Each structure stands twice: as structure tokens, then as C-alpha cells.
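Just so you know, all these numbers are worked out from the coordinates, no wet-lab data involved. Predicted, not measured: the structure shown is a model, and the values here were computed from it. Cβ coordinates were reconstructed from backbone atoms using ideal geometry, including for glycine residues, and neighbour counts include every protein chain displayed.
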Amino acid sequence: MNKIAKLFVTFISAITLALVSFTSSFAKVEGEYIVLGSAISLTGKYSSNGVHTQNGYNMAVDRINKMGGVEVQGKKYKFEIIYYDDESNPKRAAQLAERLIKQDGVHYMLGPYSSGLTKAIAPVTEKYKIPMVEANGASRSLFTKGYKYLFAVLSPANQYLEVAIDLAVEKNGGKGVRIAQAFEQDAFSQDVRLGILDAAKRTGSEIIIDDKLPKELNDMAATLAKVKATKPDVLVVSGHTKGALTAIRQISEMKVDVPMLAMTHCDAAKLSKQHGKKSEYALCASQWHKNLSYKDKFFGGGKKYARDFQKEFGYDPPYQSAESSAALLVFKDAFERANSFDRDAVRDALVDTEMQTFYGNIKFGPGGQNVAKPMILFQVRCKGDDCENRVVAPTKWASDKFYHPIPKWSERS
Amino acid sequence: MDFLIFKAPMLMVQASLDGILLGILFALIAYGMALQWGVMNIINIAQGDLVILGGYIAYTIYLWGIHPAWGVIISPIIMFFVGWGLYKLVINKVVDRDLFISILATFGIAIVFQQLMNFIFGADVVVAQSEYGTTMLFDNSVTLPNSKIFSAFISVLYAVALVIYMKKSRLGRAIRATAQNARAAKILGVDTEKVYAATFGINAALCGIAGALISITLTLHPYVGLPYTVRSFMIVIVAGLGNLPAVAVSGMGLGLFEEFADYILGTEFRIGAVFLLLVLILVYRRFKLSKKREYLK
């Protein structure tokens, strides 16, 4: 019995030793691999967008590796990513970031999905001085904390719907408009709201309804009744996918006539698929659209990216995937310009990033946000029951004219 | 802005109707909770998740091309067996223990259900389309989605049917007897085990109906169950156990209160206002709530 116990103990210690040496071998660069780490939401409430993010990362890793990888000091390296599931939980995300850095020895991080989780991870990467390129945290507060190792390829949240207000003012002959707005009470939506407040001030517009929707609410009837009574020129709604779907459902059911409706998260909500023609004429803020004419040598243009993505994963890429792929392109570019694996050298190279990718131009501002890429607006347009998103602003990329004002419900078939 | 509602009296009509229609739906969920709370002395934290599961059943048949309104028949049938199964698997082990154990157990069930729904149906927010159109009143200044009217009507229909069933049927009498005194009922030959299972099944079926109605009036997501639990809990606390008219009134009352709080205090305070009301009512009822089980009237 004693012998067996001893044997057992030896066996266990051997395995532990092997495991320890195995994990510690996952240093920053292992053989021909540059190891990146990411805690990502594969389960829990963000899991669909978490998977979009992961698919975007994986797509770019495959592509870069296939096309010769990353060249540093004359040697070719390939990317590899260690993923952990953060269960859509900020606390878990922060723990996992710590684990990636301390146990797995990761020296470069990719962001998680959502502003909330990025906020949880950023203090950790900052503490260990780990450069993190993130693609899915747009909250303005991420870029005002003075983080030195955080880089975001996407436009900050306050820019999401500013364009829509400009468009409304333009349609109103340059005069200010009356705005009704309803935003969920979370960091992201409130940042979108701040953007609208700025735009309203800038254009001399008046905000006549300013509702803050509770997170657990999925009924906007009261807000919409107020909209009906006050007849604003534009209605702005942001409350993630739930907000977008609730808004369209109740606007169509309550027959709320408003000349212009601007929202976020139409893409992720599969708005036109779930609500069909009811969602027509809605304006949606988006980080990216496949019809934009940006180009790079890895993915070609947006359309080619969308085709390849469709082939690989079986669905049309949402912008969450596109921006995630772009994050890898940024890392590759930075490694090659730094020509070193020193974290601070890579970080300095990231600061100087100025490039075009299929997703858009990328240049980081002092807070780490991307300042080179405008947000775009698309409008849902339908032919029969077939609806699609057409880019209407900014004018440079527009494929269609902006349809204004939205026809009244009584005139819509 | 705050007093828009007083400037436009039609808003008052709109708010009242919205509040009442939504309140009736919540009252149905709350009635299920009151029923099994009264009979089994269990506070079911998973109530909202049962509702959402019921909604997903309706959504699934909608995806198959069947009108989601059929969900109000199919969903409760399936959910009855889900409830029955849950009782046999978990609830029967906690039914005679103290309240804390049952809260813990149903909380666990809630988490498992959320993750399962997330796994099966995905984390996307979904809606089913009823295409019922809209009723316009007072020269289009008050609009009522027919789906909401439909859901209130169905809720009332089922509630009335259940009351009659409770009064007239053998099982209904057995359930009421068990609620009044489980031990005495057992001595007199009532199979309380079966009564408990049936009660939990009926509760789950009620959740199934409510879920199917929510799929055509609001939105579904694996993690939105908790607000429904909290709401029905509040309604039951206000109304007391096993008193259907009180549950209906308190459901509509809370719905109304919430709508008016939205207009007068602002949208950001509507949930807060309801919770404040709950605290006041709890303080008031502090002395009234005794440990003994109340009986179904």
C-alpha cells in the first residue's frame, strides 16, 4: 500500500513538473511562434459577439501566417493565440489576463469583447506593461485614463452617432434640429449619448427628450409615447441589440412617425432579418462596412474579406470580426517596424502606427483610440421583403442616397 | 419635460393602458409563483428563467413556420413536463427544508437554465413576429399593439380557467387541501408528493404561457429572466399568497405605477421607484407576514 502511495506521489510530481515546464515554455516568443494572449467571451451573454471577435482574430492569424508571417531581425515568425473563456464576466477577465501574463508568460495581448471587459483588463496589462491592441472596446473612458499600453483600432463610442446629427442638420437646411434620445444606462451607450450632446451643442440643436433606459428594461412604450407627443426631427436610440430590436418592434407597433431614426447595434441585432420591412429606413452606426474601398495586401478589400470570411465561417462578417482581424495587422506591422520583441520597443512602434487596412486607416491618438477612421452610417433599405444595409454617410463612401424623411406608417405598405 | 403627461392628457390614457396590459401579463407569472409558494413554501428564483424558456419554445415553433401564437398552447404543455421533471429531480429534496435552501436550489436551477438556453439558442436577442397590427384610438393619438391586447386576453383566459380548475377538479381540491395543511391532507389520503409535482408543473406551464406571450410582445434573451422573477416576487409580496384577485390588482397596479413614474420622475427612475414602493410595502407588511403557510382561497 505504502509503495503504491509513493509511486503515486512520484507520478503526480512528475506530471506537475512536466506541466510546469510546459507552461513556462509558453514565453513571449517560442521557437518560430509569437504568442499572443486573449481572454474572450465564449460563453455567457456576450458569447455571440465573443465568437465573432475570435473568428476575426483567427482569420487574420491564418492569413498572416500563410503569407509569410512576421519578419523580425531577418527571421520569419508566426502568430499564435492563447485563448481563455472569460464567461462574459469582468472579474474573470481580469483574472485571466493576470494568468496569461504571469503563468503563460504572454507579452502581447489582444482585447476581449465589449467596453466593460476591456475596462477590466486594461489596468492589468498596464500594470505589467503589456501592449494590448483591442478591437471591441469603444467606451470613451478607456481613452481618458492615460493608459500607455492600450491601443484601439476602432473609433470611440462618442463618435458613433454624431454623423447622424450632422446629417439631420444638413437636411434641415443647416438649422438646428429637435432631438429625442433614449440610451441604456451602460458605459457604452452613455458615451454615445455624450457624443450626441456635443453634436447638439455644436449645431445649435435642442434635445427635447433625454431618456435613460434601465438595463433590465425591454419595454420602451413610455419613451415612444413621449416621442409621438412631441414630434422631434430625429430619434436616437442606443441600447445594444436588445435596444435596437425593442425600438423597431415598438415603433412599428405604436406607429410612431419620426422623420429620422438613428441607432447602434443594428448589425449585431440582425435587425433587417428579424424585423424585415419594419426596420426599413433605420440609420445605423457602424465601424465598418464591406463596401468601403480601403485596401491592404493581406485581405485585399472589404468585399474580398467578406467573401473569404463567409467561406471560412459560413456567415457574413459583422464589423466586430473585421476590426478584430485588423488588430492582428496592426501587431504585425508594429513588430516589423520595431524589429525586436522588446515590449517597450513594440509599444513605441504601436504609437507610431500609421497604416491602411481593409478595415480602415489606423493611427492612434494620445489616448490610444484610432483617430484616422470615421464612423459610417448605413440605412436599411428593402426591395420587397429583401432588406440590406446601404452606406449613406460619410458622402465619400456612400453607395446610396440617404432617404429622408421616413415615410409615415400610414403610407407604408 | 417632466410634466409632459399633464400637458398632453392623451398620454395619460396611453400610459394607463400600457401599464395595465403589461401588468396583466406580469400578474399571470406572479400567480404561478404565488401558487407554488403557497403550496410548497418555495420561492422560485428560476421563475423568470422558466418564462424565458417558455418564450424560446414559442420562438422555436415560429422558426419552424408555425404562428408563434400557437406557443400559448404548445409551450405550457412542454413546460408542465419540464416543471414536473424539475420537481422530481431537485425540488422534492428541498420542499420541506427551510426557505433559504429552496432559494439556493432554485438559484442554481436558474443558472443552469440560463447557460443551457445560451448554449442551445445562442446569446442573440430574438423576437417572434405575430403581425397582429395595431389598434388606434382617439384619432391615432393612442396606439395599442394588438399583440399586447392578445397577450392580456390570453392571460386573463388562462387565469380564469385555472381558478375554475382549482375550485372544481379533484386535483385542484387536493392542491388547496395541501396548501392549507399538508399533514392533514396526507392523513386523509392525499398523495402530497403528486400534488407538489403537479403544482410545480402548473407553475411552469403558466410561465410557458407568459413566455410565449413575451416572445411576441417584447424580446427574448437567455439572461433576461431575473427581472421577471423580481417583478413577480414583488407582485406576490404586495398581494399575499394564493389570492388571485389581489395578484391581478397588484400586477396591474405595479404596471401603472411604473408607467406613471416614467413620465413624472423620468425613465431612469422607473425601476427605482418600483423598488422604493416595494421597500415601503415590505416594511408595512413586516408584521403581517408570518411563517405559517397561507391557504388558497
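Using the Cβ atoms and a cut-off under 15 Å, what net charge is assigned to the surroundings of B:LYS194, where Lys and Arg are +1 and Asp and Glu are -1?
+3
Mind checking which aspartates and glutamates have their Cα closer than 14 Å to the Cα of A:LYS278? Skip sequence neighbours fewer than 8 apart in that chain.
A:GLU253, A:ASP257, A:ASP385, A:ASP386, A:GLU388, A:GLU411, B:GLU131
Between A:TYR315 and A:THR230, what is the spin-label point distance in nm, taking each point 7 Å from the Cα along the Cα→C-beta axis?
Distance between the two pseudo-spin positions: 3.6 nm.
So, in Å, what gap is there between the alpha-carbon centers of the stretch B:144-168 and the stretch B:201-237?
A separation of 15 Å, based on Cα centres.
Using only alpha carbon pairs under 8 Å that are at least six residues apart, calculate the relative contact order of chain A and give it in whole percent.
Rounded, it is 16 percent for chain A.
Taking chain A as a Gaussian network, Cα atoms linked when under 10 Å apart, which of A:PHE341, A:PHE143, A:PHE313 shows the biggest mean-square fluctuation?
A:PHE313
Between the stretch B:21-78 and the stretch A:170-188, what is the C-alpha centre distance in whole Å?
Rounded to whole Å, the Cα centres lie 38 Å apart.
Between 0 and 90 degrees, rounded to the nearest ten: what's the tilt of helix B:146-168 against the longest Cα principal axis of chain B?
20 degrees
Run the quick spin-label model on A:ASP296 and A:GLU354: label points 7 Å from Cα toward the beta carbon, then report their separation in nm to one decimal.
Reported label-point gap for A:ASP296 and A:GLU354 is 1.8 nm.
For the residues B:CYS207, A:CYS387, A:CYS382, what sequence is obtained by ranking on other C-beta atoms within 10 Å, fewest first?
A:CYS382, A:CYS387, B:CYS207
Angle check, please: helix A:162-171 long axis (alpha carbons) against the longest principal axis of chain A (alpha carbons), in degrees 0 to 90, nearest 10.
20 degrees
Could you identify which residue out of B:GLY85, B:GLY211, B:GLY38 has the top mean-square fluctuation in a GNM of chain B using Cα springs shorter than 10 Å?
B:GLY85
Percent antiparallel among DSSP beta bridges with both residues in the protein assembly as shown, to the nearest 5?
Antiparallel bridges: around 45 percent, rounded to the nearest 5.
For B:ILE281 and B:ILE77, FRET efficiency with R0 = 45 Å and r from the beta-carbon atoms, rounded to 0.05?
0.80
To make sure I understand the rule: partners must be aspartates and glutamates, Cα under 12 Å from the Cα of A:LYS383, and not fewer than 8 residues away in the same chain. Which ones qualify?
Here the aspartates and glutamates satisfying the reach criterion relative to A:LYS383 are A:GLU280.
Once you list every other residue whose beta carbon is under 14 Å from the beta carbon of A:GLU98, what net charge do they have if Lys and Arg are +1 and Asp and Glu are -1?
Residues near A:GLU98 contribute +3 overall.
Connecting C-alpha atoms closer than 10 Å in a GNM of chain B, tell me which of B:LEU256, B:LEU188, B:LEU104 has the biggest fluctuation.
Largest GNM mean-square fluctuation: B:LEU188.
Non-local amide H neighbours of B:VAL142 (under 5 Å, H modeled in plane, Pro and chain starts lacking H): which ones?
For B:VAL142, whose amide H was placed from the backbone, the distant partners under 5 Å are B:LEU137.
Could you work out how far apart the two model spin labels at B:GLU268 and B:SER141 are, taking each label as a point 7 Å from the Cα in the direction of the beta carbon, and quote it in nm?
The answer from the label model is 3.1 nm.
Have a look at the DSSP beta bridges in the stretch A:28-141 and tell me what percent are antiparallel, nearest 5.
30 percent
By how many degrees, between 0 and 90 and to the nearest 10, does the Cα long axis of helix A:302-313 differ from the longest principal axis of chain A?
It is inclined by approximately 60 degrees.
Give, in whole angstrom and from largest to smallest, the semi-axes √(5λ) of the equivalent ellipsoid of the protein assembly as shown, with λ running over the eigenvalues of the Cα gyration tensor.
Gyration-tensor ellipsoid for the protein assembly as shown: 47, 36, 21 Å.
Please report the net charge: other residues with Cβ closer than 11 Å to the Cβ of A:ILE362, K and R +1, D and E -1.
Computed value for this residue: -2.
Roughly what % antiparallel, to the nearest 5, for the DSSP beta bridges in chain A?
Just about 40 percent of them are antiparallel.
Given B:LYS88/B:LYS186; A:LYS175/A:LYS226; A:LYS226/A:LYS255, which pairs have Cα atoms separated by over 21 Å?
Check vs 21 Å cut-off fails for A:LYS175/A:LYS226.
Restricting attention to the protein assembly as shown, give the cysteines that have no other cysteine Cβ less than 4.7 angstrom from their Cβ.
Cys with no partner Cβ under 4.7 Å: B:CYS207.
As a footprinting exposure proxy, order B:TYR284, B:TYR31, A:TYR57 by other Cβ within 10 Å, with the fewest listed first.
B:TYR284, A:TYR57, B:TYR31
Using the alpha-carbon centroid of each, what span in Å lies between the stretch A:34-74 and the stretch A:127-167?
Comparing the Cα centres of the stretch A:34-74 and the stretch A:127-167, I get a distance of 19 Å.
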